[in-house]
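A.B. asks: I am attaching a structure below and will ask some questions about it afterwards.
The values are calculated or read from the model by the stated rules, or taken from the named source; none is laboratory data. Because the structure is predicted, anything quoted here is derived from the model rather than measured. Note that each Cβ is placed from the backbone with ideal geometry, even for glycine, and that neighbours are counted across all protein chains shown. All accessible areas refer to the heavy atoms of the entire protein, side chains included, with ligands and DNA or RNA removed. Shrake-Rupley method; radii C 1.70, N 1.55, O 1.52, S 1.80 Å.
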Amino acid sequence: SAAVVLDVLLLLLLPAVLYAGLVAGGTRSRLAVAGTALSFVSMLGAGYLLALDVVVRSAAAQPARATAVAVVAGFENSGVVTGLTVLYLAGHVAGFILLGIALIRSRAVPAWAGAALCAFPIAELLGEAAGIKPLAAAGFALLAVAFGACARALVQRQADGRALTMPPAAEHVRV
């Protein structure tokens with residue numbers, strides 16, 4: 001189904017967050033480290049949340065409607081899913097905002113790209129919560145724009161012979 005295919009595509013956000021963190025300063029900026037870590041770790045939990053689409057798809061194919069509904073409701077209302085949802089939402093908002101600020105401070109991308117990353121989780125979550133699909137879509141467009149700017153910065157650095165490398169872990173981190 002389309003939802004499952006889109007879920008797989010959403011998993012591409014994991015490496016995109018790591019690359020954005022690298023552009024924002026890698027291990028040289030505490031802000032970049034914090035934003036990247038919060039965004040990345042909270043998105044790992046999203047994999048569990050995306051399983052709902054698979055559960056719903058499988059339940060819809062079952063002949064016993066009441067049992068299928070009970071299985072889906074059991075998954076949705078489990079303490080694990082509730083806990084992961086809270087952690088995902090908190091990490092999602094805080095992580096992407098911190099990462100956006102780190103991008104702005106790094107000057108590795110235009111400031112509007114960092115601002116777009118800061119605005120993404122707010123627009124996306126408000127749009128989803130309020131049922132305003134164009135606002136949620138605008139949030140994802142902001143994410144695409146911000147990550148596009150990060151990708152351009154990475155490609156430009158490669159072309160200039162200034163490939164991004166990670167400094168040793170013991171190197172001093174600045175805020």
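A.B. asks: Semi-axes of the equivalent ellipsoid for the range 33-98, please: Cα gyration tensor eigenvalues, times 5, square-rooted, ordered largest first, whole Å.
C.D. replies: 31, 10, 6
A.B. asks: Tell me the relative contact order for the range 1-157 as a rounded percent, counting alpha carbon contacts under 8 Å between residues six or more apart.
C.D. replies: Taking the mean separation of contacting Cα pairs over the length of the range 1-157, I get 24 percent.
A.B. asks: Can you bin every Cα-Cα distance in the range 1-47 into 5 Å intervals starting at zero and give me the percent of pairs per bin, rounded to whole numbers?
C.D. replies: The distribution over the range 1-47 is 5, 23, 26, 18, 13, 8, 5, 2, 0, given as percents.
A.B. asks: If you take the Cα Rg of the range 64-139 and divide it by 2.2 N^0.38 Å, with N the number of residues, what do you get?
C.D. replies: 1.50
A.B. asks: State, in angstrom, two size descriptors of the chain derived from its alpha carbons: Rg to one decimal place and Dmax to the nearest whole number.
C.D. replies: Every Cα atom of the chain included, Rg and Dmax give 18.4, 61 Å.
A.B. asks: Something else now. Any idea how far the Cα center of the range 1-47 sits from the one of the range 92-110, in Å?
C.D. replies: A separation of 13 Å, based on Cα centres.
A.B. asks: Quick one: which residues, 5+ away or cross-chain, put their amide H under 5 Å from the amide H of S29? H built at 1.01 Å from N.
C.D. replies: R174
A.B. asks: Let me ask another. Across the chain, where is the longest run that never hits trypsin sites (Lys or Arg not before Pro) in a DSSP loop with at most 16 other C-beta atoms within 10 Å?
C.D. replies: Between exposed loop sites, the widest span is 1-106.
A.B. asks: Just to confirm, what accessible area per residue do you get for the range 1-86 at 1.4 Å probe, in whole Å²?
C.D. replies: 55 Å²
A.B. asks: Something else about it: If you build a Gaussian network model of the chain, linking Cα atoms that sit under 10 Å apart, which residue out of V93, V55, V81 swings the most?
C.D. replies: V55
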